Amino acid sequence: MLLASSLVGLDPPGASGWCSSCGRPHSLPRTAQAEMEALSLLRRIEQSGRFDFTAAEPDPRFGLTQEQRRTGKMLGVLLCSDGTVLRAFSGMLGGTWHCPGWAPPVAGLTLEDAEPAAAFGEIVRLVARADAAAEPERGRLRRAHRERSAALSQALGASYVLRNARGEEAGVPELLRAQGVRPPGGVGDCAAPKLLTEAHRRRLVPEAIAEVWCGPPAKTRTHGSFHAACRERCEPIMGFLLCGVPAACGADG
Ligand SMILES: [Zn+2]
Ligand SMILES: [Zn+2]
């Protein structure tokens with residue numbers, strides 16, 4: 001029954017976008033099985049009371065805290081052809097990008113890495129020194145602060161590298177520039193791009209995806225409601241990320 005509905009294309013799209021190299025859209029379905037996996041993920045989190053339920057020792061940062069219950073989180077699962085189910089959360093969790101059992105960030109560099117963290121610390125110190133200084137020293141420190149900040153955000157942005165099933169890599173800033181779109185910040189931080197980039201890194205073949213809301217009601221979201229990958233941040237990069245994925249490209253993909 002489930003198989004029949006996917007064969008005739010009745011499943012809603014889980015993630016889709018226009019592929020500029022194929023000149024057509026690619027779309028990965030949200031199958032009933034993917035929805036079941038997503039709901040069972042919510043149950044595991046509820047039952048264990050933590051997001052790092054695969055780790056032997058709980059890390060207090062990943063507990064299902066009151067704060068977490070209040071704000072909520074978009075979670076995603078990606079079903080792959082070999083039976084692997086990847087998990088990802090949108091953005092950060094417990095103040096970090098890295099949680100055991102979950103896909104890592106798309107960004108190769110974050111403020112959790114030594115070099116960017118040191119650069120950030122230096123920027124903070126420059127602000128404090130500029131505030132305490134008199135002209136012309138103050139102006140000099142402010143310029144230095146602006147230059148360092150720009151260099152750091154450039155380095156962090158350039159570390160967002162997507163991978164697709166064809167083994168191609170694309171930097172998020174270049175991909176967005178080539179499409180002439182200017183979405184809000186945070187492109188690549190949603191669950192869907194993390195899942196697809198991780199699958200391709202591990203040479204897994206994605207077959208279905210489901211994003212599910214974990215938390216209190218907010219706009220169109222309720223606990224356990226399913227959502228397609230977002231239009232604003234994800235759609236502009238999904239064409240690239242899904243290119244070469246048989247389940248997303250059709251028979252001639
Ligand atoms: Zn998104
Ligand atoms: Zn394509």
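Output wanted: per-residue J couplings in Hz (rounded whole) for region 111-119, from phi through Karplus 6.51 cos²θ - 1.76 cosθ + 1.60, θ = phi - 60°, x for Gly and Pro.
Residue by residue, region 111-119 yields 5, 7, 8, 4, 5, x, 5, 5, 4 Hz.
Decide, for the chain, between rounded, prolate and oblate: order the square roots of the alpha carbon gyration tensor eigenvalues as a ≥ b ≥ c, take rounded if a/c falls under 1.5, and otherwise choose prolate if a/b is larger than b/c, else oblate.
Taking the square roots of the gyration eigenvalues as a ≥ b ≥ c, the chain is oblate.
For GLU207, which sequence-distant residues (separation of 5 or more, or a different chain) have an amide H within less than 5 Å of its own amide H, given hydrogens modelled in the peptide plane?
Correct list: LEU79, CYS80, SER81.
May I ask you to evaluate 6.51 cos²θ - 1.76 cosθ + 1.60, the Karplus curve with θ = phi - 60°, for each residue of region 215-221 and list the ³J(HN,Hα) values in order in whole Hz, giving x for glycine and proline?
The phi angles translate into x, x, x, 8, 6, 8, 9 Hz.
Once you list every other residue whose beta carbon is under 10 Å from the beta carbon of ALA144, what net charge do they have if Lys and Arg are +1 and Asp and Glu are -1?
Summing Lys/Arg as +1 and Asp/Glu as -1 gives +4.
May I ask you to give the percent of accessible area on region 58-189 that is carbon plus sulfur, with a probe radius of 1.4 Å?
Its accessible area is 54 percent carbon and sulfur atoms.
For every other residue with a beta carbon closer than 14 angstrom to the beta carbon of GLY108, add +1 if it is Lys or Arg and -1 if Asp or Glu, then tell me the sum.
-3
With every protein chain left in place, what is the accessible area per residue of region 25-163 in square angstrom, probe 1.4 Å?
Accessible surface, normalised per residue, equals 53 Å².
By the scheme Lys and Arg +1, Asp and Glu -1, what is the net charge of all other residues having a beta-carbon under 12 Å from that of ARG201?
So the surrounding residues net to +2.
For region 17-164, what does the alpha-carbon gyration tensor say about shape, rounded, prolate or oblate, given a ≥ b ≥ c as the root eigenvalues, a/c under 1.5 as rounded, and a/b over b/c as prolate?
Oblate, because a/c is 1.5 or more while a/b does not exceed b/c.
Explain nothing, just compute: Karplus ³J(HN,Hα) = 6.51 cos²θ - 1.76 cosθ + 1.60, θ = phi - 60°, for every residue of region 84-90 in order, whole Hz, x for Gly and Pro.
Residue by residue, region 84-90 yields 5, 10, 8, 10, 8, 10, 7 Hz.
Which angle from 0 to 90°, rounded to the nearest 10, does the C-alpha axis of helix 191-201 make with the longest principal axis of the chain?
80 degrees
The values are calculated or read from the model by the stated rules, or taken from the named source; none is laboratory data. What you see is a predicted model, and the numbers here were worked out from it, not measured in a lab. Neighbour counts run over all protein chains shown; Cβ positions are idealised from the backbone, glycine included. Quick note on the areas: whole protein, heavy atoms, side chains included, nothing else; ligands and nucleic acids left out. Shrake-Rupley method; radii C 1.70, N 1.55, O 1.52, S 1.80 Å.
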